[in-house]
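Presented below is the structure to which this report refers.
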């Protein structure tokens, strides 16, 4: 729950590893296609580390029917930012349980080092043909972690045209999630309290629903060129706040307004986000085969009613080397801030209806560079490894240098094995 952005990066890395490998690996007459992967992610400055094994299996049931199975396990540890910013004075915070205390030294970005989580996610898709040109894919997925449970269903209709050179798809997915934060759901815009003096909670858990629609078209332009265009619409309703994030209240000197709060209240308020969100995105992809090599480029434009817009560029070049290949990749992400994002709140100013100082909602750029090597062990198996480096830079605007959000650097390592039989 705390690390949606990290899980997003992990998802990008894992999907890159679990993509369809060389044509020689997945034999046309195979009954089973198995892809396995192990991912390791580690941030600088004692940040979050993640270990993620994953497995994907696809079986041909005959008569055009397919079943796809997937299982992913995330093990996350480390320290995660709590939403407050560095200051020139010592800062004291209370752990989510309300029973412990942690500190941020002057000039240090506040992080909750009590964070740890294990997430297990599983899913199954069943493809059923109506005829040789029409089919439907039905899906069921679920995940569970210490403070978050999710269950979802999906259905996608696919139609081939133009001698099967054109495929139209339309999909619908629905998820119902339950959020059970450590210590309970914080009262929005209430004060964090000193350990042992109460927790300002409104209940043990809350819920949200997520509905996604997608329309897409894939076109084979020639024997060497394929393009894809998708539009997706997502609508979320319910508890969309991060229960672990806070916003600092500062005095006229720009310091946490400790003296203005008494009776156990600390100068940090629990954030509050809108209880609904509409997300739109356009996705374009082109795959171009050269004499032997392959260029893969994609672009995604994202916008929502929170005021966030983003652009994502992803370029991969697959260079064939005998039975193996090298694939460098560059991914660049550029995001504008949410309308309700603030660096901090000023003492005496009216409280806004919604507010967050979570850096994931700030203006930022993320650059990921990676290199993958794959080798065909036989006609139906492949081994691959991938190493990547990610840099995330947040634009805090016009704030004192000591309060700026430091860049996040991370290494990403993958190993994978694929086999068909």
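The table below gives the values:
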| read-out | value |
| --- | --- |
| Condition check for residue 379: out of contact with any strand residue (DSSP E or B) (no Cβ under 6 Å at 6 or more places or on another chain) and at pLDDT below 95 | yes |
| Residue match in the range 233-251 (condition: modelled with pLDDT of 95 or more, part of a strand (DSSP E or B) and farther than 30 Å from residue 115 by Cβ) | yes |
| Selection count where residues are modelled with pLDDT of 95 or more, surrounded by fewer than 17 Cβ atoms within 10 Å (Cβ to Cβ) and over 17 Å from the mean Cα position of the chain (by Cα), scope the range 109-129 | 4 |
| Search result, residues across the range 265-311 that are part of a loop (DSSP other than H, G, I, E, B), in contact (Cβ under 8 Å) with a residue 40 or more places away in the chain and surrounded by 14 or more Cβ atoms within 10 Å (Cβ to Cβ) | 271, 273, 274, 306, 308 |
| Test result for residue 318, in a strand (DSSP E or B), touching a residue at least 24 places away in the same chain (Cβ under 8 Å), crowded, with 20+ Cβ neighbours inside 10 Å and over 21 Å from the mean Cα position of the chain (by Cα) | yes |
| Test set (1) closer than 28 Å to residue 70 by Cα; (2) over 24 Å from the mean Cα position of the chain (by Cα); (3) at pLDDT 95 or above - residue 191 fails condition number | (1) |
| Residue 93 under 20 Å from the mean Cα position of the chain (by Cα) and either surrounded by 17 or more Cβ atoms within 10 Å (Cβ to Cβ) or assigned to a strand (DSSP E or B) (or both) | no |
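The values are calculated or read from the model by the stated rules, or taken from the named source; none is laboratory data. Note that this is a predicted model, so its numbers are computed, not measured. Note: ideal-geometry Cβ built from the backbone for every residue, glycine included; neighbour counts use all protein chains shown.
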